[in-house]
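**Q** I'd like to ask some things about the structure below.
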Amino acid sequence: MTPTQKKQVWHVPKKNKLDVSPKKAENLSYEIAEYNVCKKKKRSVCYDPRPQSFISQGKEWATTVRNKVINYCSLSQKRIGLCGILDSANMQDVIHDHDYLPFPLHHQLILNKISVTPDSAKEIEKKTKNQTKTKLWHTERSFRVTASRVGEICKFTAKKDQEKYAQSLICNKKIVSTALEWGKSMETTAIEAYEGKTGKKVERCGLYVSVQYPFIGASPDGLIGDNKILEVKCPYSIKDEMIGSNNYFHLEHDLQLKETSNYYYQIQTQLLVTGRDCCDLFIWTNVDEKIINVKKK
């Protein structure tokens, strides 16, 4: 009988010379000792250089180290490498643990961050004389309510979305509009026109921060003498018109600034923060200009 005439036996396993039964792979043993090799002592892949007495300290010791590191970094204003693996503090728990303070803790932390001394307030003003061109000016303003927003806040009602408005105060988005660009571009021209009209020199100034109310800041357009500030307005809506109460709603019929105008609140806040007693509001257009004196109330 030829091989091709026999039944195929390819699927039949060959006989094992060791006389052992076959096993499934999942039941195989890989013990090194079976191959007559000495076992090596197993080492932990997580090397810990601490003595055993410290390793066995438990969670209490870890908590102590964590607190000491956080306190050190907070007091020294330094950051060490260990901070990178520590969880941040749970502010809700921290607030509940400090309920004896005169203010809620998160409010107190903010006040501590923005508080200024008379000397540090002068330093901020000195370093921000270029105003919008200075990075520090933008940074310090971001911590505070500025004079231009005070009118909105004083008129705010419960009917409005409080959370959304609060976000708008702390997240200063850059607003671009034709009116704003016009006002910025013509400010220097208007100040020169004021100096020519009055014969008074306008001194540039930076951001003033209130020592008494450090959450308030103000940046007048200039200082005049020892007791006056300058605020310039270049309204785009009437840039080619004469100035009057009929086309500029911030003014009364006698061309005085309305006390309900947001500009009035802005100027009063500027006078409060700078410690000065009066302001010249200078309104400028291509064809007209008006000086309105506003006294501190």
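The values are calculated or read from the model by the stated rules, or taken from the named source; none is laboratory data. Because the structure is a prediction, the values reported are computed rather than measured. In this analysis, Cβ positions are derived from the backbone assuming ideal geometry, glycine residues included, and neighbour counts consider all displayed protein chains.
**Q** Quick check: anything in the range 152-159 over 16 Å from the mean Cα position of the chain (by Cα), among the basic types (Lys, Arg), in the same structural domain as THR269 (by TED's automatic domain parsing) and not in a helix (DSSP H, G or I)? Don't jump to the end; show me each part of the working.
**A** Our first condition is that a residue be over 16 Å from the mean Cα position of the chain (by Cα); within the range 152-159, this holds for 152-159.
If we keep only those that are among the basic types (Lys, Arg) as well, we get 155, 159.
If we keep only those that are in the same structural domain as THR269 (by TED's automatic domain parsing) as well, we get 155, 159.
Going one step further and asking which of them are not in a helix (DSSP H, G or I), we end up with 155, 159.
Scanning the range 152-159, I find at least one residue that is over 16 Å from the mean Cα position of the chain (by Cα), among the basic types (Lys, Arg), in the same structural domain as THR269 (by TED's automatic domain parsing) and not in a helix (DSSP H, G or I), so the answer is yes.
**Q** Go over the candidates LYS68, LYS59, LYS78 one by one and state the one that is surrounded by 10 or more Cβ atoms within 10 Å (Cβ to Cβ), under 30 Å from HIS106 (Cα atoms) and either assigned by TED's automatic domain parsing to the domain that holds LEU105 or at pLDDT below 70 (or both). Steps first, answer last, please.
**A** Values: LYS59 fails: surrounded by 10 or more Cβ atoms within 10 Å (Cβ to Cβ); LYS78 fails: surrounded by 10 or more Cβ atoms within 10 Å (Cβ to Cβ).
After ruling out the rest, the residue left standing is LYS68.
**Q** In the range 248-270, how many are out of contact with any Ser or Thr (no Cβ under 7 Å at 6 or more places or on another chain), farther than 14 Å from GLY151 by Cβ and touching a residue at least 24 places away in the same chain (Cβ under 8 Å)?
**A** The qualifying residues number 2.
**Q** Pick from the range 168-187 the residues that are surrounded by 11 or more Cβ atoms within 10 Å (Cβ to Cβ) and of a type outside the set (D, E, K, R): which of them is modelled with the lowest pLDDT?
**A** ASN172
**Q** Could we say that PHE156 is of a type outside the set (Val, Ile, Thr) and within 24 Å of ALA121 (Cβ to Cβ) here?
**A** no
**Q** Related question: Looking at the range 9-56, which of the residues that are of a type in the set (S, T, N, Q) and either closer than 30 Å to LEU82 by Cβ or modelled with pLDDT of 65 or more (or both) is farthest from the chain's Cα centre (by Cα)?
**A** SER21
**Q** Hey, can you tell me all the residues within the range 215-227 that are at pLDDT 95 or above and either in a helix (DSSP H, G or I) or within 27 Å of the chain's Cα centre (by Cα) (or both)?
**A** ILE216, GLY217, ALA218, SER219, PRO220, ASP221
**Q** Pairs only if they're at least six apart or on different chains, beta carbon under 7 angstrom, first in the range 172-198 and more than 17 Å from SER237 (Cβ to Cβ), second surrounded by fewer than 11 Cβ atoms within 10 Å (Cβ to Cβ); list them, first residue then second.
**A** Pairs that qualify, where the first residue is more than 17 Å from SER237 (Cβ to Cβ) and the partner is surrounded by fewer than 11 Cβ atoms within 10 Å (Cβ to Cβ), are GLU195/LYS201.
**Q** Taking LEU230 as the residue in question, decide whether it is at negative phi, surrounded by fewer than 20 Cβ atoms within 10 Å (Cβ to Cβ), in a strand (DSSP E or B) and assigned by TED's automatic domain parsing to the domain that holds PHE143. Don't jump to the end; show me each part of the working.
**A** Details: at negative phi: yes; surrounded by fewer than 20 Cβ atoms within 10 Å (Cβ to Cβ): no; in a strand (DSSP E or B): yes; assigned by TED's automatic domain parsing to the domain that holds PHE143: yes.
Taking the combined requirement at face value, the residue does not satisfy it.
**Q** Next question, about the same structure. Do we have ARG144 as surrounded by 15 or more Cβ atoms within 10 Å (Cβ to Cβ), in contact with a Phe, Trp or Tyr (Cβ under 8 Å, 6 or more places away or on another chain) and among the basic types (Lys, Arg) here?
**A** So ARG144 fits the description; yes.
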